[in-house]
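Coordinate-derived values only; no laboratory data. All values reported here derive from a predicted model rather than from experimental measurement. Cβ coordinates were reconstructed from backbone atoms using ideal geometry, including for glycine residues, and neighbour counts include every protein chain displayed.
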Amino acid sequence: MLRIVDDGTIELPALTSAHSHAFQRAMRGLAQRPARADERGDFWSWRGAMYAVAAGLTPESVHEISRVAYRELRRAGVSTVGEFHYVHHQPDGTPYDDRLAMADAVIAAARAEGLRVCLLRVAYHRAGAGRAAEPGQRRFCDPTADAVLRDVDALRVKYRDQADVRIGLAPHSVRAVPPDWLGELAAYAHAHALPLHMHVAEQPREIDECVAETGRRPVELLSERGVLSNRFVAVHATHLAPHEATLLGDAAAFACICASTEADLGDGLADVTRLRAAGARLCTGVDSHVLTDVVADVRALETGERLRSGRRVTFSPAAGSPAEQLWREGSVEGAAACGFDDAGGVLQVSRAHVALELVADDALLDAIVFGGGSHMVTAVR
């Protein structure tokens with residue numbers, strides 16, 4: 001996995017960010033203070049700030065913001081990004097004359113910055129069970145599942161010959177997508193072998209509302225509606241019941257842990273040990289771009305679990321070291337979650353970097369994963 005070339009450069013498989021909302025890069029620094037002195041702030045107050053940023057986006061501005069986000073990802077060692085794209089229409093919900101204008105702008109930004117991209121076209125319809133979309137959500141929404149799938153059809157045709165682009169489908173969440181849409185969306189994704197991503201169990205309130213509406217917890221509902229497969233990616237998976245982790249593992253589905261965003265929002269820590277034991281595949285995502293250190297996201301698959309469990313080392317891989325397994329999850333597993341069959345290149349680190357002084361060659365990967373960061377990356381090729 002790790003190779004030292006003749007000039008002392010270390011090469012490793014390039015990393016993947018399997019879950020990104022590139023436009024949220026424009027929020028950096030804007031949502032770290034409570035609006036009032038007596039307000040603690042939580043996911044829902046953060047979401048209001050996000051809606052305010054989303055309201056002002058145009059195809060031109062989303063392209064420029066996305067270029068900044070992707071440029072930073074590339075410099076952090078990333079070759080592949082899964083873009084969970086849900087800003088589709090004009091602010092009042094009216095589609096642009098070109099319904100693909102916003103998606104095209106994001107794809108063009110990724111390619112301009114040298115990234116492979118899986119554009120995950122999001123389905124979004126409502127604010128929650130029995131609640132119409134709020135004003136800040138209208139530009140995300142479509143009236144029917146068929147309208148979503150027509151756009152996915154058009155994107156698949158437009159980019160079918162582009163080796164650096166994949167098109168996938170993403171029901172936003174059980175909150176935003178009616179249960180009756182899930183089977184239709186999943187059947188389409190399965191029929192066309194598309195990546196199928198979804199926010200899952202990110203917030204306790206989401207789970208409570210899902211149970212109230214359907215009598216099922218989120219992963220139970222997804223299993224019942226035929227959503228789970230080895231191309232399904234449960235993003236966050238923070239508040240799963242034990243049997244829900246088993247359902248994901250039985251399907252050989254992915255769980256995408258987005259440590260920097262989950263820490264920023266105070267979402268909690270997923271039970272990674274249970275996910276591993278169940279057979280779920282792990283990958284990582286930068287998500288909100290609050291911090292772009294993809295090596296730290298990889299490390300957090302283990303260090304976050306140490307914090308949650310109170311144990312020093314939480315897993316032993318079937319082959320290789322924990323650092324090797326973590327790197328695979330941050331690299332080729334993430335790429336597979338985005339529909340690519342390899343890492344898409346290598347990243348380079350200088351053997352002479354001060355963080356690697358006194359480190360033996362056979363401990364370099366451990367030192368990079370557990371004592372380094374994306375600031376060490378010198379190039380992606």
Using Cβ counts within 10 Å as a stand-in for footprinting exposure, how do His21, His63, His199 rank, fewest first? His63, His21, His199
Using the Karplus curve 6.51 cos²θ - 1.76 cosθ + 1.60 with θ = phi - 60°, work out ³J(HN,Hα) for each residue of the range 116-129 in order, rounded to whole Hz, and write x for Gly and Pro. 6, 9, 9, 7, 9, 6, 7, 9, 8, 9, 8, 7, x, 4
Relative contact order %, the range 3-380, counting alpha carbon pairs below 8 Å whose residues are six or more apart: 22 percent
At a 10 angstrom cut-off on C-beta neighbours, averaged per residue, how do the peptides 133-142, 349-358, 98-107 rank from highest to lowest? 98-107, 133-142, 349-358
Square roots of five times the C-alpha gyration tensor eigenvalues of the range 3-380, ordered largest first and given in whole Å, equal 32, 23, 21
By average C-beta atoms within 10 angstrom, highest first, the peptides 366-377, 302-313, 146-157, 228-239: 228-239, 366-377, 146-157, 302-313
When a/c reaches 1.5 or more, the comparison of a/b and b/c decides; with that in mind, is the range 226-381 rounded, prolate or oblate per its Cα gyration tensor? prolate
Please list, in order along the range 70-84, the HN-Hα scalar couplings obtained from phi with the Karplus expression 6.51 cos²θ - 1.76 cosθ + 1.60 (θ = phi - 60°), rounded to whole Hz, x for Gly and Pro. 6, 4, 5, 4, 4, 5, 8, x, 9, 10, 9, 10, x, 9, 7
Gain upon complete extension [Thr9, Arg351; 0.36 nm per residue less C-alpha separation]: 122.6 nm
